[in-house]
Amino acid sequence: MTEGRHAQPPTYHRAVSLADARRHLGRRGACVYAGGTDLLVALRAGAPWVAGVRHLVDIKGLDALRGIARVGDGIRIGSLVTGAELATSALVRRVAPVLCEAAALAAAPWVRARGTVGGNLMSPHPAGDLATALLAMGSTAEFVTPAVLRRSIAIQALLAGHARIPPGAVMTGVRAPVAPSSAYQRVGRRLAFTRAVIAVGVVRHGAQLRVAAAGLGARPMLLAEGATVPGEDGALVDGLVRRAIGRLRPARGTGRA
Amino acid sequence: MTAPNPTVTLQVNGTRVEWQPRNGATLIEALRDHGLTGTKAGCSVGECGSCTVLVDDRPTPACLVLVAELDGARITTIEDVADRRIARMKSAFISNGALQCGACTPGMIIAASRIPSGASPEEIRAALAGNICRCTGYASIIRAVQDAQARPDA
Ligand SMILES: Cc1cc2nc3c(=O)[nH]c(=O)nc-3n(C[C@H](O)[C@H](O)[C@H](O)COP(=O)(O)OP(=O)(O)OC[C@H]3O[C@@H](n4cnc5c(N)ncnc54)[C@H](O)[C@@H]3O)c2cc1C
Ligand code: FES
Ligand code: FES
């Protein structure tokens, strides 16, 4: 079983603190290792995006990167929060059904138990379900980099490739306005365990809709921001959006609706 | 060359072992290297569930975990004869004809053994969603799980 093997298998390091992680990540070829569900597949396949990886820096021991909390008008989600945690959180179900539904639909149970928010946003796949929901919500990611202790980047810019993330940056968490009126709809070959072929997340703030789609481009993208939805992306997306909108709950008590 | 990984100490089926993982070695590779060949590798990329083992009592595909990250963990494989829930599931699979070629069976039994008792057929299906069987059509597997759950603790 060596075919497709990464030519130079990386060394593993367990970070014991954020400072320790930053120190390890200062090395050439160092890469954050979270749930590993994207990284280990990519390493086995010899994917180009991991070709330079020589050191895996495991951040799973860093409790500061965990937890889901209400913060002011929004919600904060640690980068190590797993899909399983999102899918079963009563808070997320209440204030961000789009994210809860996306998490519940993604992958098989064990993948949900290991795969993290940070990994879903940072790995270069076209149909990340958590990334799509977070994009629809208008989220912002927080990073620490080897040079800077805190840097915020809008997820829209991150996914569009407009933000340069310095090597060795660690995403610590994500902040988003609450989205009690929101829904997620997905089409996949087999819903249970494969990645979505196409999916949409829809968030409504009053009369305004934000629609994000997975599977249409290299990364999830914002399809519409405003009251109308463009039809140019084809009937399948239109149908999905309409179904997702049909399932929206009325926005209540968000202070934004 | 990159530096080697540190040694890990594990409990494998109740026995304490110290392994020096090769760089990038996954748990399935290490288990099979150490003679524990009951766990089967199928896709090796997390999609089929045939390599499922228990890591700290949680079903986990052994192809998508590095040995290096498991220092201190408790690993349970299909070879564990002391685990009652696995034993019960094995005999229920046999009496319900829930296996044919057997490729999926070790992973399926491990995953099934941790489904909370009283689960509905839908809940059993959801819990086994990551375990693919090419042969049985699943009906006999669902029956076996229900049967095992109905049996008194042996
Ligand atoms: C069988 C299978 C099915 C899957 N199905 C789905 C699906 O239906 N939907 C879906 O969306 N995804 C799916 N995935 C993909 C994967 O599980 C998710 O993308 C998951 O969220 C990745 O998180 P991780 O923690 O495992 O990432 P890792 O593999 O640990 O990391 C992925 C990338 O992100 C970087 N990274 C991780 N965390 C951070 C951080 N905090 N800061 C900076 N960089 C970071 C890593 O350096 C790496 O480049 C599937 C994967 C498998 C194996
Ligand atoms: S071999 Fe591990 S999931 Fe297929
Ligand atoms: S018995 Fe053949 S794959 Fe399940």
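Structure values in brief
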quantity: Cα→Cβ-extended label distance, 7 Å offset, between A:THR88 and B:GLU18, nm; calculated: 3.6 nm
quantity: Kirkwood hydrodynamic radius of chain B, from inverse mean 1/r over distinct Cα pairs, in Å; calculated: 15.8 Å
quantity: Convex hull projection area averaged over all views, the range A:4-58, Cα basis, nm²; calculated: 3.4 nm²
quantity: Cβ-Cβ FRET estimate between A:ALA147 and B:GLN11, R0 fixed at 56 Å, reported to 0.05; calculated: 0.85
quantity: Where A meets B: accessible area buried, both sides, 1.4 Å probe, Å²; calculated: 2400 Å²
quantity: Alpha-carbon Debye profile of chain A, log10 I(q)/I(0) at 0.07, 0.15 Å⁻¹; calculated: -0.23, -1.04
quantity: With every protein chain in place, the range A:65-246: carbon and sulfur % of accessible area (1.4 Å); calculated: 57 percent
quantity: Residues of the protein assembly as shown: accessible area per residue with a 1.4 Å probe, Å²; calculated: 43 Å²
quantity: Dipole of the range A:65-246, positive direction: furthest Cα of A:ALA244, A:VAL148, A:PRO177, with charges on the beta-carbon; calculated: A:VAL148
quantity: For the range B:84-150, alpha-carbon Rg and Dmax in angstrom; calculated: 10.2, 28
quantity: Average Cα contact separation per residue, chain B, under 8 Å, 6 or more apart, as relative contact order %; calculated: 24 percent
quantity: Isotropically averaged projected area of the range A:48-173, using the convex hull of Cα atoms (one quarter of hull area), nm²; calculated: 8.1 nm²
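The values are calculated or read from the model by the stated rules, or taken from the named source; none is laboratory data. None of these values were measured; they are calculated from a predicted model. Cβ atoms come from the backbone with ideal geometry, glycine included; neighbour counts cover every protein chain shown. Just so you know, the surface numbers come from the protein's heavy atoms only, side chains and all, with ligands and any DNA or RNA stripped out. Shrake-Rupley method; radii C 1.70, N 1.55, O 1.52, S 1.80 Å.
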